[in-house]
Amino acid sequence: MDKSVDLQETDNNAEHGDVSHGEAYEAEHVHAVYEQIATHFSSTRYKPWPVITAFLLSLAPGSIGLDIGCGNGKYLALLPANRSVFVLASDRSPTLAGIAAQHQPHSAFIADNLALPHSAGCFDFAISVAVVHHLSTRERRVRALKAVLEVLRPLAIGDSGEGKAEGEGHVAKGEGGKALIYVWALEQKGSRRGWDEGDEQDVMVPWVMKGKYTTSRQKQQKHRNTENDSKARSSGALGQDPTPDATAKEPAHPHQGTGSAEPPAAISSITPAALNPAESTEAGGDQIFHRYYHLYRNGELEADIVAAGGVVMESGYEKDNWWAIAGRNPP
């Protein structure tokens, strides 16, 4: 499979788009959206991907690792206590982190991919599934990958190996930590979305939240607001912003899949008139929320991993996603 990619063209696409990319943009078009759709999103996320399953089940007993951007923690369920593999999971969404925290014996907490609270070089493995593609510039995506790689035990590095793709680093002679990274692919012409080479890489993807979830979320928020106001009155702090409680969220319902949440006709590229994620409402109470994605081209993920100081050990394509297993070069 051809791994070539024009990174200059990729950078130009990101930097000269119709919108201003960066932290504030992601706060509105990624983080705020996932927090609002968290319960509905969780109910549709219960089926593990084969490559990720194989990676996790191949880990040696006693391994300790991270699930960075864990969502509802569905992959934690693959590692029960008797497998002797422990995961520290984190997500930027307080609600999703709270749902993931139910998967004992593992733990879950709130953290940002670009500000992970872990020491460097400590972990045996990490997974980052459908996370990096939500960063809106190449510089931020490379930083996110570097953050994932830095927490791993470094590889023992030998001589450059013959047959490796140009720029993919060196051959690993010793067992260091390894990370599995998944991102959405641009090349999806066989899917209902229909994207392919030549299409825009920076797109807004809708999430349709059915009316019953919208009503449920509004009731939950009203209940929380009442509780927060009561606490504020008793403490004399009325008017201050409450701190989200990641452990008191509605539990996941892993077998209540509702089918496709992304109608193909509604997918669009970013424009100056991109909808605010909380504004679009359909008749009957359904709401449409728009999430930012960067669609990775063939070879782009590997190139970003190398730019982040990593070594690509294996890579491939699985059902509209590019994936790579990577290690960390010594400091």
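Structural remarks
- For residue 83 and residue 319, the FRET efficiency from 1/(1 + (r/R0)^6), where r spans their Cβ atoms and R0 equals 22 Å, is about 0.30.
- Sorting 302, 150 by accessible area puts them as 150, 302; the probe is 1.4 Å, largest comes first, and only protein heavy atoms count.
- Phi angles across segment 80-86 convert, under the Karplus curve 6.51 cos²θ - 1.76 cosθ + 1.60 with θ = phi - 60°, into 3J(HN,Hα) values of x, 4, 6, 8, 6, 10, 10 Hz, Gly and Pro given as x.
- Cα gyration tensor category, rounded, prolate or oblate, for segment 31-169 with a/c compared to 1.5: oblate
- Whether segment 44-104 is rounded, prolate or oblate, judged on the alpha carbon gyration tensor where a/c under 1.5 counts as rounded: prolate
- Within the full protein context, the accessible area of residue 134 is estimated at about 20 Å² for a probe radius of 1.4 Å.
- With a simple spin-label model that places each label point 7 Å from the Cα along the Cα-to-Cβ direction, the separation between residue 119 and residue 156 comes to 2.2 nm.
- HN-Hα J in Hz across segment 305-317 - Karplus 6.51, -1.76, 1.60, θ = phi - 60°, x for Gly and Pro: 5, 4, 4, 8, x, x, 10, 7, 9, 6, 7, x, 10
The values are calculated or read from the model by the stated rules, or taken from the named source; none is laboratory data. Predicted, not measured: the structure shown is a model, and the values here were computed from it. With ideal geometry, Cβ positions are generated from the backbone for all residues, glycine too; neighbour counts draw on all protein chains shown. Only protein heavy atoms, including side chains, enter the accessible area calculation; ligands, DNA and RNA are left aside. Shrake-Rupley method; radii C 1.70, N 1.55, O 1.52, S 1.80 Å.
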